[in-house]
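Everything on this sheet refers to the single structure shown next.
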Amino acid sequence: MIHNFDINIAEKYGINAAIILQNMYYWIEKNRANEKHFHDGYYWTYNSLKAFEELFPYMSNKQIRGALEKLEEEGVIVCGNYNNSTYDRTKWYAITEAGYELLQEGKCIVPKGQMESSEKANGMSQKGEPIPNNKPYNKPNNNICAAEPHDDESENEDQEKQASRDEQLRSDFEIIYGIYPKKRGKTVAFANYKLWVGKGKDVGGKKYKLTNRQIYKAVQKYVRQQEEAGQDDYQYWKNFDTLMGRQLLDYVDWEDS
């Protein structure tokens with residue numbers, strides 16, 4: 001089995017993250033070609049932590065979790081849950097616009113014979129299927145992924161604190177989402193929101209952090225501009241994930257901090 005990775009991404013986020021991202025990219029593009037697993041404006045791939053461990057036996061459980069968390073925190077990927085059963089914890093992953101930009105800019109290490117072995121090399125990436133459910137399920141739970149539970153008491157406490165923070169972020173985000181009429185790209189928009197109010201987003205070589213109020217006002221400003229222009233056809237409005245990306249800076253009031 002052969003695994004390859006992008007040099008620039010490895011330098012920025014570590015080799016483990018680069019290898020996992022390249023594997024995700026392979027399957028997401030395959031799903032795109034087959035028009036499978038398209039949700040909220042993005043194509044997705046899915047995997048459990050156990051499957052990742054089998055696919056990458058040279059990485060520990062902690063290394064895999066760390067790589068996934070790093071990629072999500074930096075806005076390279078987003079996580080979701082599009083399983084048919086609410087108790088199915090198989091995680092879904094999509095690559096963001098920023099992630100694709102990194103992949104396009106980078107240099108990928110592909111060993112001789114990789115093209116012939118790509119199917120075999122990635123054959124376990126989407127190992128198995130999420131738990132099936134014969135009943136229709138039309139409301140997927142799109143909560144951003146959290147680390148899987150562990151027995152260690154301190155880790156459980158950290159997870160509880162993180163869950164509480166995520167719940168507050170989700171509540172604040174829902175208020176902003178509620179004022180935007182074009183309901184597309186919610187999952188990716190929430191990932192962007194977490195970056196803006198958290199570590200910030202890199203735009204043009206500079207890192208920007210925004211407050212919840214600034215984001216609300218920026219979205220409100222765009223909505224008003226569209227309404228004042230008489231644009232009542234929402235197909236000409238930005239998808240919400242697009243607005244919540246880099247373009248949000250065009251509508252931010254920097255004096256309102």
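The values are calculated or read from the model by the stated rules, or taken from the named source; none is laboratory data. Predicted model only: the values in this text are computed from it and were never measured. Reconstructed Cβ throughout: ideal geometry from the backbone, glycine too, with neighbour counts over all protein chains shown.
Going by the structure shown, is Asp250 modelled with pLDDT under 90 and either of a type in the set (Lys, Arg) or on the phi < 0 side of the Ramachandran plot (or both)?
no
Quick one: which helices (runs of 4 or more DSSP H) lie wholly within the stretch 165-245 and hold at least 1 residues that are modelled with pLDDT of 95 or more and buried (at least 16 other Cβ atoms within 10 Å of the Cβ)?
So the answer is 212-228.
Condition check ((1) modelled with pLDDT under 90; (2) of a type in the set (D, E, K, R)) across all residues:
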site	(1), (2)
Leu21	no, no
Asn34	yes, no
Asp40	yes, yes
Thr45	no, no
Ser48	yes, no
Asn61	no, no
Ile64	no, no
Ile77	no, no
Asn84	yes, no
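Those residues that are acidic (Asp, Glu) and crowded, with 20+ Cβ neighbours inside 10 Å, I need them from the stretch 65-82; list them, please.
Passing the criteria: only Glu72.
If Lys62 meets every condition in (1) surrounded by fewer than 22 Cβ atoms within 10 Å (Cβ to Cβ); (2) within 14 Å of Leu21 (Cα to Cα) apart from one, which number is that one?
Against the list (1) surrounded by fewer than 22 Cβ atoms within 10 Å (Cβ to Cβ); (2) within 14 Å of Leu21 (Cα to Cα), Lys62 comes up short only on (2).
Does Lys30 meet the test of being over 24 Å from Gly245 (Cα atoms) and assigned to a helix (DSSP H, G or I)?
Spelling it out, Lys30 is indeed over 24 Å from Gly245 (Cα atoms) and assigned to a helix (DSSP H, G or I).
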